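Everything below concerns the one structure shown next.
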Amino acid sequence: MPVLELKNIIKNYPDGQNVNEVLKEINFHVNQGEFAAIVGPSGAGKSTLLTIMGALLSPTSGSVLLNNQDIGQLSKKQQTDIRLNKIGFIFQNSDLIPYLKISDQLKFIQKISNKNPIDSDKILKELGLGHRLNSYPNALSGGEKQRVAIARAFINQPDLILADEPTASLDSKRGHEVVKIIQETVHQQNKAAVMVTHDERVLDLVDSIWQIEDGRLKRVKA
Amino acid sequence: MFLTLKELRHEKIKFSALSLIIFLIVFLVLFITGLANGLANDSGSAIKETPAQTFILQKGSQSRLNRSNLTNSDWDKFKSSNAAKLSVTQATIQKAANKDKKTDIAYFITDKNSFLAPKNQSGEKIYASSKLQASGYKVGDKFKDSNTNKTFTIAGFTDKESYSHSPVIYLTFKQAQGITMSNSFNAIALKKNLTKKSGYQVITKQNLIDNIPGYSAEQSSLYLMIGFLYVISLFVLAVFFYIINLQKMKDFGTLKALGTKTSYLVKHVLSEMGILSGVAIILASLVTYFIQLKMPASMPFSLSFSTLLATGILFLVIALLSALLSLIKVIKVDPINAIGGNN
Ligand SMILES: Nc1ncnc2c1ncn2[C@@H]1O[C@H](COP(=O)(O)OP(=O)(O)O)[C@@H](O)[C@H]1O
Ligand SMILES: [Mg+2]
């Protein structure tokens, strides 16, 4: 059974007199324990698609089923709650909060969530960040920051992980390492994950690949 | 609060600077407020501290004691234990032994045992407000009225009563013979409320104080300054706080994307401003309090605890209002900006 399923998603943006059809009849699914990648040229609609998956944007039409619940047309408040409890985000530039120490980056999520907290420091240690628990983000390298972002995405035990070009600010070696960590965690914890990427060199790590071009999505590797 | 405390701790310099600005403004406001209150007391406390509520003046005297002239036939209409005759005469005295040093004073002339008179007033013994001590007078000193050369001995001091910035010397009509006209006086003070009496001007105590020469001019200019300080601080704090928060909009977007409720962020911004201004207000109050203790007696400065508290609360409200601009921005920030940062 898919964790996330998109059915006939259309997203239009008004463009002067016309409408800009950014996403056209998109169908997509990702299962538990599956790490999916979406690739495509710039301007193809990857970010738009990811924000719809992440309950940050409502589609013009179509349904977004997360564990069979349609999250496509929720109120802002309900969307916020879904993002907190059901989805883990990994952003392009890791986007850590500059005034929180590394261990507090995770503790903050646990603080605003009602779920029972798991040992966040242990998770950071397993990702090789044990010596960084009391550092602020500006002391960390790009790769370290992205590992913290990965830990933060998983900390609230979400069903779905969404990663937005997680390797964009890393060299290819570090990029590959970071995606490998995502892959291993997804498989270990049996989560569903979707990664948007430009980076062809990390595609050996994913379970399925989808290509988006001119607003249309098709599966290129099962 | 989690975010607030962590952020205050991490951004010590930035927030200390903001707190310092608030501290300086609050301190200035408190200082001018203390000065305004001090000058108000210096101008009218001899009237203000009496139990009188209403003053009867001659019709057409424009609420000014010195323009009012009443006689015993007027007194007969008001005579009671809750009424008292009052004459106020501004004059100059000098030490009997030292003719060169003169001091401006105000005589408060009342009937012996009236509710305006200090207790124990009798014979040649007279009482003066303790403010006269600042001019070097002690109990037992003799002084001479410069105009009439009448000599008196100071029997004791009352509180710090003052009239039009001068110390007050209390006399009975009998003692004041020669200094003021006999059988006439300026006003009748009543302990009760009265709004009208045909043939007289009836005014409240505050109305009388407002018309002491110089009082209104001093007070209105000082309160104008205080008012401006509140307005200025509202804008200055709003701008500073807005700039500080503007730098954090991306973080607010990320926090929202991660599932932080907007209401949580609103509380965060408000408690941040609340803590900063709270600390600044408490420090400014303490500093003002200690300065007041060290201030020379001749400096008119007075700040009661209730004024201090009211100023502090008013300032906290101003500070929180100044956070409004930032709040609107925080509420509006769209979490969608967290995704697709490359575009
Ligand atoms: N908020 C918006 N308003 C109007 N057009 C938008 C908006 N966001 C994205 N678009 C348009 O949608 C298209 C796809 O953008 P995007 O999803 O960011 O592509 P990608 O992430 O693949 O580069 C682009 O043509 C872009 O101009
Ligand atoms: Mg994009």
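The values are calculated or read from the model by the stated rules, or taken from the named source; none is laboratory data. This is a predicted model, so every value here is computed, not measured. Cβ coordinates were reconstructed from backbone atoms using ideal geometry, including for glycine residues, and neighbour counts include every protein chain displayed. Quick note on the areas: whole protein, heavy atoms, side chains included, nothing else; ligands and nucleic acids left out. Shrake-Rupley method; radii C 1.70, N 1.55, O 1.52, S 1.80 Å.
Start at zero, step by 10 Å, and the Cα-Cα distances of region B:82-182 spread as 16, 56, 26, 2, 0 percent across the bins. Where the centre of each part is set by its Cα atoms, how far does region A:117-194 sit from region B:259-297, in angstrom? Measuring centre to centre over Cα atoms gives 39 Å. Taking a ≥ b ≥ c as the square roots of the eigenvalues of the Cα gyration tensor of chain A, is the shape rounded (a/c under 1.5), prolate (a/b larger than b/c) or oblate? Prolate, since a/c reaches 1.5 and a/b exceeds b/c. Packing, as the average of other Cβ atoms within 10 Å across residues, places the peptides A:66-79, B:275-288 in the order B:275-288, A:66-79, highest first.
About its Cα centre, how strong a charge dipole does region A:1-51 have in debye, to the nearest 20, once Lys and Arg get +1 and Asp and Glu get -1 at the Cβ?
On the way: 4 positive and 5 negative charges, 8 e Å.
Computed about the Cα centre, the dipole is about 40 debye.
Secondary-structure-derived ellipticity at 222 nm for the protein assembly as shown, considering helices only, amounts to -13500 deg cm²/dmol, per-run term -39500 (n - 2.57) for DSSP H runs with n ≥ 4. What's the local net charge at residue B:87, with K and R +1, D and E -1, over the other residues with C-beta under 15 Å away? Net local charge, residue B:87 excluded: +2. Averaged over the residues of B:250-257, the number of partner chain Cβ atoms lying within 10 Å of the residue Cβ comes to 5. Under the simplified labelling scheme, the residue B:14-residue B:239 pair shows an inter-label distance of 1.9 nm, with each label point 7 Å from Cα along Cα→Cβ. Per-residue surface analysis assigns residue A:176 an accessible area of about 60 Å², computed on protein heavy atoms at 1.4 Å probe radius.
Surface listing: B:230, B:223, B:242 arranged by accessible area from highest to lowest gives B:223, B:242, B:230, probe 1.4 Å.
Normalising by the residue count of region A:81-159, find the relative contact order in percent from Cα pairs under 8 Å and 6+ residues apart.
Details: 94 pairs, mean separation 40.4, N = 79.
It rounds to 51 percent for region A:81-159.
Relative to the Cα centre, the charge distribution of region B:82-182, modelled as +1 at Lys and Arg Cβ and -1 at Asp and Glu Cβ, gives a dipole magnitude of about 220 debye.
Would you mind calculating the relative contact order of chain B from Cα pairs under 8 angstrom and at least 6 residues apart, reporting the percent as a whole number?
Details: 556 pairs, mean separation 94.5, N = 343.
Dividing the mean separation by the residue count of chain B yields 28 percent.
Take the Cβ-Cβ distance between residue B:66 and residue B:287 as r, set R0 to 30 Å, and report the resulting FRET efficiency rounded to the nearest 0.05. Mind showing how you got there, number by number?
Working: r = 41 Å, r/R0 = 1.36.
Calculated transfer efficiency: 0.15.
Excluding residue B:199 itself, calculate the net charge of residues whose Cβ lies under 14 Å from the Cβ of residue B:199, where each Lys or Arg counts +1 and each Asp or Glu counts -1. It works out to a net charge of +2.
Of interest is the spacing of the C-alpha centroids, which for region B:18-48 and region A:1-30 amounts to 65 Å.
Kindly state, to the nearest 0.05, the FRET efficiency for residue B:90 paired with residue A:139, given R0 = 60 Å and r defined as their beta-carbon distance. Walk me through the intermediate numbers first.
Numbers: r = 73 Å, r/R0 = 1.22.
Efficiency, rounded to the nearest 0.05: 0.25.
Residues in region B:305-317 carry Karplus couplings, in order, of 4, 5, 5, 4, 5, 5, 4, x, 5, 4, 5, 4, 4 Hz; the curve used is 6.51 cos²θ - 1.76 cosθ + 1.60 with θ = phi - 60°, and Gly or Pro positions show x. Placing R0 at 35 angstrom, the Cβ-Cβ distance between residue A:20 and residue A:171 gives a FRET efficiency of 0.50 after rounding to 0.05.
DSSP finds beta bridges in the protein assembly as shown, and of those with both partners inside it, around 65 percent are antiparallel. Computed from backbone phi with θ = phi - 60° and the Karplus coefficients 6.51, -1.76 and 1.60, the 3J(HN,Hα) list for region A:60-73 is 5, 7, x, 10, 10, 9, 10, 6, 6, 9, 7, 9, x, 10 Hz; x is used for glycine and proline. Just counting partner chain Cβ atoms within 10 Å, what average do the residues of peptide A:89-95 show around their Cβ? That works out to 5 on average. In the protein assembly as shown, the C-alpha radius of gyration followed by the widest Cα-Cα span (Dmax) gives 39.1, 118 angstrom. Given a 10 angstrom Cα cut-off, can you work out which residue in A:15, A:81, A:119 is the most mobile in a GNM of chain A? Highest fluctuation of the listed residues: A:15. The alpha carbon centroids of region B:59-115 and region A:40-90 are separated by 84 Å. Bridges between two residues of region B:82-182, per DSSP, are antiparallel at a rate of about 65%. In angstrom, the C-alpha Rg and Dmax of chain B are 28.7, 96.
With the cut-off at 29 Å, tell me which of the pairs B:101/B:125; A:46/B:248; B:77/B:144; B:6/B:250; B:14/B:332 have Cα atoms farther apart than that. The answer is B:77/B:144. Among residues other than residue B:157 with Cβ under 13 Å from its Cβ, the summed charge is +2 (Lys and Arg +1, Asp and Glu -1). Ranking B:118, B:135, B:151 by Cα position along the charge dipole of region B:82-182, where only Lys, Arg, Asp and Glu carry charges on their C-beta atoms, puts B:151 farthest toward the positive end. Extension gain, residue B:210 to residue B:306, is 32.4 nm, computed as 0.36 nm per intervening residue step minus the present C-alpha separation. In this simple spin-label approximation, residue B:224 and residue B:183 carry label points 7 Å from Cα along the Cα→Cβ vector, and these lie 4.7 nm apart. Model label sites at residue A:213 and residue B:80, defined 7 Å from Cα along the beta-carbon direction, differ in position by 10.4 nm.
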